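The values are calculated or read from the model by the stated rules, or taken from the named source; none is laboratory data. Quick caveat, the model's predicted, so the values are computed rather than measured. Glycine also receives a Cβ, built like all others from the backbone with ideal geometry; neighbour counts cover every protein chain displayed. These accessible areas exclude ligands, DNA and RNA; they are computed on the full protein's heavy atoms, side chains included. Shrake-Rupley method; radii C 1.70, N 1.55, O 1.52, S 1.80 Å.
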Amino acid sequence: MKFAIFGNTYQAKKSSHAKELFRLLEKHRAELYICRDFYHFLTNDLKLEIKDATLFDGDHFEADMIISIGGDGTFLKAAGRVGRKNIPILGINTGRLGFLADVSPEEMEETFNEIHKGQYNVEERSVLQLSSNKKKMEILPYALNDIAILKRDSSSMITIHTSINDAYLATYQADGLIIATPTGSTAYSLSVGGPIIVPHSNTIAITPVAPHSLNIRPIVIRDDWKITLDVESRSHNFLVSIDGSSESFTENDRITINRADYTIKVVKRLNHVFFDTLRSKMMWGIDSRK
């Protein structure tokens, strides 16, 4: 198989995991394509010797499967570069929580044995697309996790007039508003009180950040509905964050959010059950008292 590999370039202390990964890939005679930045980190910083790898930049690659080694942030960056290529992504978790990158380093050997035999599942995850009347956007307009509309650090609350399919929903006075996919429901949205959504529910969660009105609550809608946002701010600008990458917008920039016309494919082991992952990561039912 051909594997394109992305990795976290800030985790030198976890070099043993990367070394083991390449040992296993060599064992299975895999054809390797490595992101150039990650390759230089592996060879220069970690002093790893990697045989017969082809380097690539940007999204100039093709493969049978993507490997993301790091945390969920690394996975999101890899997903952004995979885009419409329709290549499934395997996430190896050397980070902390890890809902997307959920294969532990200890499971790598067994996982690659299964992949070599074709024994794995591929889940399709929905993606959000942002469009605006802004002349030019610097960040990619696609989000696997979430799109957040946020106040600037030094500004007061912002006012967000929100419509669904051109029907008025509400005006949020808050520090921000998060529009999350089911995949992103366990990320930023969850931290501000948003609901956990089962991955294939075809829904979107709209969750305010520190709303001025205490009776404002998150709402879940269909993912094929259009969301339109008009923002007012005392500073006349605000931030838009797409999967963690942010850009400044002005009050004149109307924002529209739709479901994108492609999905991201995520590799899961055959024994993977979402509810098992949820209990494990969220430590549901675990009494930590001594």
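Out of the trypsin sites (Lys or Arg not before Pro) in segment 84-136, which ones are loop residues according to DSSP with at most 11 other C-beta atoms within 10 Å? Provide the component values of the computation, followed by the final result.
On the way: sites: 84, 85, 96, 117, 125, 134, 135, 136; in loops: 96, 117, 134, 135, 136.
Answer by residue number: 96, 117, 135, 136.
Relative protection proxy for 179-186, 141-148, 280-287, from highest mean packing down: 179-186, 141-148, 280-287 (other beta-carbon atoms within 10 angstrom). Computed over protein heavy atoms with a 1.4 Å probe, the carbon and sulfur contribution to the accessible area of the chain reaches 47%.
3J(HN,Hα) couplings calculated from phi for segment 42-55 with the Karplus curve 6.51 cos²θ - 1.76 cosθ + 1.60 (θ = phi - 60°) are, in sequence order, 5, 7, 8, 7, 8, 6, 7, 9, 10, 8, 6, 10, 9, 9 Hz; Gly and Pro show x. Only Cα sites of segment 1-116 enter the Debye sum here, all with the same form factor; the resulting log10 I(q)/I(0) across q = 0.09, 0.18 1/Å is -0.19, -0.87, listed in q order. Taking Lys and Arg as +1 and Asp and Glu as -1, the other residues whose beta-carbon sits under 11 Å from that of residue 82 total +3. Taking 22 Å as R0, compute the FRET efficiency from the Cβ-Cβ separation of residue 166 and residue 232 and round it to 0.05. Once rounded, the FRET efficiency stands at 0.70.
How much accessible area per residue does the chain have, in Å², with a 1.4 Å probe?
Each residue of the chain exposes 51 Å² on average to a 1.4 Å probe.
Quick one: net charge around residue 184, please, counting Lys, Arg +1 and Asp, Glu -1 for every other residue with C-beta under 11 Å from its C-beta. Summing Lys and Arg as +1 and Asp and Glu as -1 gives -2. Applying the Karplus relation 6.51 cos²θ - 1.76 cosθ + 1.60 with θ = phi - 60° to segment 80-91 yields 3J(HN,Hα) values of x, 7, 6, x, 8, 5, 6, 9, x, 10, 9, x Hz, where x marks Gly and Pro.
Can you give the longest run of the chain that contains no GluC sites (Glu not before Pro) sitting in a DSSP loop with at most 14 other Cβ atoms inside 10 Å?
Numbers: sites that count: 49, 62, 138.
Here the longest run is 139-290.
What is the dipole size for the chain, taken about its Cα centre, with +1 at each Lys and Arg Cβ and -1 at each Asp and Glu Cβ, in debye to the nearest 20? Before the final figure, lay out each step's value.
Details: 35 positive and 36 negative charges, 63 e Å.
So the magnitude is around 300 debye.
Once you reduce segment 112-141 and segment 165-180 to the center of their Cα atoms, the two points are 24 Å from each other. Between residue 23 and residue 2, the contour length at 0.36 nm per residue exceeds the alpha carbon distance by 6.0 nm.
Legend: calculated FRET efficiency, residue 136 to residue 46, from the Cβ-Cβ distance at R0 = 45 Å, rounded to 0.05, equals 0.75. Projecting label points 7 angstrom from Cα along Cα→Cβ for residue 116 and residue 274 puts them 3.2 nm apart. Projecting the Cα atoms of 214, 132, 58 onto the charge dipole of the chain, computed from C-beta unit charges around the Cα centre, puts 214 farthest toward the positive end.
Would you calculate a helix-derived [θ] at 222 nm for the chain, using -39,500 (n - 2.57) for each DSSP H run of n ≥ 4 and dividing by the full residue count, to the nearest 500?
Numbers: 6 runs with 51 residues, N = 290.
-5000 deg cm²/dmol, from helical runs alone.
Put the Cα centre of segment 217-290 next to the Cα centre of segment 1-56 and the gap is 30 Å.
Our Cα-only numbers for the chain put the radius of gyration and Dmax at 20.3, 60 Å. Bridgeable lysines around residue 85 (alpha carbons under 17 Å apart, same-chain partners fewer than 8 residues away excluded): 2, 77, 265. For residue 226, neighbours were defined as the other residues whose beta-carbon sits under 14 Å from its Cβ, and their charges (Lys and Arg +1, Asp and Glu -1) total -2.
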